[in-house]
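Working notes, beginning with the structure itself.
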Amino acid sequence: MTLVQENIYRRTDAGTVGWDDELDAVLLRWHGFATSESFRAHMELCIELLEATGANKMYADARNQGAISDEDKLWSITEWATQADEAGLEALVIVYPESVIAKMSVDSVIEQVDDDIERLITDDVTEGRNWLADHPATVTDVVVSELEEPTLDVEPTSDTDEKTETIEREDDDVSTEPDSNLESPAESDADEATTSHSESDTETDTATADDSSTASTTSPGTSPDPLTVAGIGGIVGLLGVSVMMFVSGQVPALVPNALANAALLLGSVVLGGMALGWLAAEIVS
């Protein structure tokens, strides 16, 4: 981002018309969609400023421009281009709109113009500004506040009066001269690499600490699963009763019925073993 000096001729919600001190060119910067009336008024203000200053260059930043109607396209081709040529415009840069539809509108106009104006239509702000800076200017050091008030009726924004003014605004246009206060690309890359390395070390340390914490909570003293221990307890109880019956040679009689006795005995042993195992696991955990 670079601070760009702009002498404002007229600024509205739709756009700004002024003077670019760096390029010694008439400036047109669109802020958004413009009605047909507003579109033509801003374009005609550029003609007025070309004639008032004797300038031969114009820089149009259309990145935020909306689409224009077919009638306004035809007007730009048949009337505005002719007037701009007659006003002395020799070099014109248009920075493409970001909107695809608006970009198609610009292309449609450029393909049909027939005049002596040299044009560069580009997506690259730096390329456009450098291209225009290479063209000799017929006039320099223009102060639009010393010019007569704009004669065309274009409603100014509510945050500025109707007088012309000089402002500095932040923009991503690249200056043709280096800024001594800015870091060189190499310094910037080095700073980014250092920052990236520091962040990587920090993330590694954090991951190590997390791993250590996890290891401390999942070491060999991990609590047993109660359900697993209960199942093991049931099996152990069943084996124990089987061994007891094998050694004694008889089955313990809990009820007179042999089948019911066997079912009750097995169920009691298994469930009892599971209960004891689960209880033991809960106590340990």
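The values are calculated or read from the model by the stated rules, or taken from the named source; none is laboratory data. What you see is a predicted model; the values in this text were computed from it and never measured. Please note: Cβ atoms are built from the backbone with ideal geometry, for glycine as well, and neighbour counts cover all protein chains shown.
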* Check off (1) more than 23 Å from GLU127 (Cβ to Cβ); (2) out of contact with any helix residue (DSSP H, G or I) (no Cβ under 8 Å at 6 or more places or on another chain) for HIS31 and give me the number that stays unchecked. => (1)
* Asked: Among the residues of region 56-73, is there at least one that is under 13 Å from VAL26 (Cβ atoms), crowded, with 16+ Cβ neighbours inside 10 Å and of a type in the set (Val, Ile, Thr)?
  -> no
* Quick one: is GLN65 of a type outside the set (Val, Ile, Thr), in a loop (DSSP other than H, G, I, E, B) and under 18 Å from ALA14 (Cβ atoms)? -> yes
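Would it be correct to say that LEU50 is buried (at least 21 other Cβ atoms within 10 Å of the Cβ), modelled with pLDDT of 95 or more and more than 30 Å from the chain's Cα centre (by Cα)?
Answer is yes for this residue.
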* Asked: Can you pull out the residues in region 38-61 that are assigned to a helix (DSSP H, G or I) and more than 14 Å from SER76 (Cα to Cα)?
  -> GLU48, LEU49, LEU50, GLU51, ALA52, THR53
* Assuming GLY32 fulfils every condition listed in (1) touching a Ser or Thr at 6+ places or on another chain (Cβ under 8 Å); (2) over 21 Å from SER145 (Cα atoms) apart from one, which condition is it? -> (1)
* Asked: Can you name every residue in region 117-143 that is in contact with a Phe, Trp or Tyr (Cβ under 8 Å, 6 or more places away or on another chain) and assigned to a helix (DSSP H, G or I)?
  -> GLY128, ARG129, LEU132
* Which residue out of LEU120, LEU152, LEU147, LEU132 is more than 19 Å from GLY66 (Cα to Cα), at pLDDT below 75 and not charged (D, E, K, R)? -> LEU152
* Structure fact -> Of the residues in region 84-143 that are without any contact (Cβ under 8 Å) to a residue 24 or more places away in the chain and β-branched (Val, Ile, Thr), the one that is surrounded by the fewest Cβ atoms within 10 Å (Cβ to Cβ) is VAL100
